[in-house]
Amino acid sequence: MGLILSLIGIVATVWLGFTGRLGLYIHPRYTVFTLIMALLAGVIAVIAFTVVPGKDDEHGHDDAPPPTRRGRVLRRGKTAGLVAIVVVAMFALLVLPPSTLSAATAQERTVNAAAPAPNSSSIDSILTGADTSTFTVKDWSLYLRMGASDDFLASHPAEVVGFVSADPDDPQNVFYVTRFTITCCAVDATPIGLAVYLPGWSDRYHEGDWVSVNGSIVANPSSSSAEPFAIAPSQVSPVAEPPEPYVY
């Protein structure tokens with residue numbers, strides 16, 4: 001039964017890899033390695049099936065007493081339980097579609113809790129000539145904490161995509177446009193976001209909605225939010241979840 005469960009996990013891993021959905025669970029740099037190891041494990045599992053002894057090959061139990069009725073019931077119960085585990089595992093891994101980490105997870109893990117500490121030195125010279133239209137939520141969050149100047153921010157509006165999660169300090173006026181960043185796998189995923197100052201935002205958007213936000217990054221007008229900067233949006237538009245929902 002253990003070999004069957006292993007094969008289910010191996011098949012599910014390979015299926016996720018070849019359908020491009022394994023990135024919802026691990027960092028893309030580990031995809032090839034994971035698929036190679038899964039295929040090797042599959043070969044080992046098949047070999048194991050051929051060497052597991054059958055009932056006729058087992059020895060040393062000729063003198064064992066026949067199982068009692070209670071023992072047979074317990075054995076059948078264990079077998080039924082293992083079969084149920086196999087069915088549930090197969091359904092979960094092969095039938096249910098994998099999904100992106102949610103806004104609820106972002107709230108549980110605290111947006112920007114793992115962000116680098118602010119840096120007082122400006123990095124404008126490093127950013128000179130950079131194409132800010134390609135900046136993700138993670139890029140902007142990093143550069144803000146590294147000391148991008150007001151002049152740089154005034155001349156470089158942000159255009160980012162992420163899902164909505166409320167700022168717990170001022171949920172009526174501020175939300176985060178949020179993405180998860182992954183170092184190794186979904187277990188270590190951390191939410192990172194840019195604050196958006198938009199009073200009454202919850203009348204139009206719900207937590208977990210994916211949006212595209214355009215606007216200038218300014219000193220956060222909210223007196224309650226802990227975020228020093230926020231996007232003053234010129235446009236907020238609903239969008240579909242991108243094929244690659246995480247940033248790396």
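Figure the gain on full extension for Asp151 and Met37 (residue separation times 0.36 nm, minus the Cα-Cα span) and round it to one decimal in nm.
36.0 nm
Roughly how many nanometres apart are two label points built 7 Å out from the Cα toward the Cβ at Gln172 and Ala232?
2.2
Which net charge results for the neighbourhood of Trp201, defined as the other residues with beta-carbon distances under 14 angstrom from its beta-carbon, given Lys and Arg at +1 and Asp and Glu at -1?
Net of charged neighbours comes to -4.
Could you work out the local net charge near Glu241, counting Lys and Arg as +1, Asp and Glu as -1, over the other residues with Cβ closer than 13 Å to its Cβ?
0
When ranked by the protection proxy of mean other Cβ atoms within 10 Å per residue, highest first, what sequence do the peptides 167-177, 236-246, 208-218 form?
In decreasing order of mean packing, 167-177, 236-246, 208-218 become 167-177, 208-218, 236-246.
Which length gain, in nm to one decimal place, applies between Ser224 and Thr132 when the Cα-Cα distance is subtracted from 0.36 nm times their residue separation?
30.3 nm
Taking amide H positions as placed 1.01 Å from N in the peptide plane, with prolines and chain starts having none, which residues 5 or more places from Ile26, or on another chain, fall under 5 Å of its amide H?
Amide H to amide H, under 5 Å and 5 or more residues apart or across chains, Ile26 pairs with Ala186.
What whole number of Å gives the distance from the Cα centroid of the stretch 208-248 to the Cα centroid of the stretch 169-200?
The stretch 169-200 and the stretch 208-248 have Cα centres spaced 9 Å from each other.
Taking H as built 1.01 Å from N, whose amide H comes closer than 5 Å to the amide H of Gly215, not counting residues under 5 places away?
Ala158, Ser234
Every read-out reported here was derived from the displayed coordinates using simple, explicitly stated rules and does not represent laboratory data. Note that the coordinates shown come from a computational prediction; the quantities given were computed from them, not determined experimentally. All Cβ positions, glycine included, derive from the backbone under ideal geometry; neighbour counts span all protein chains shown.
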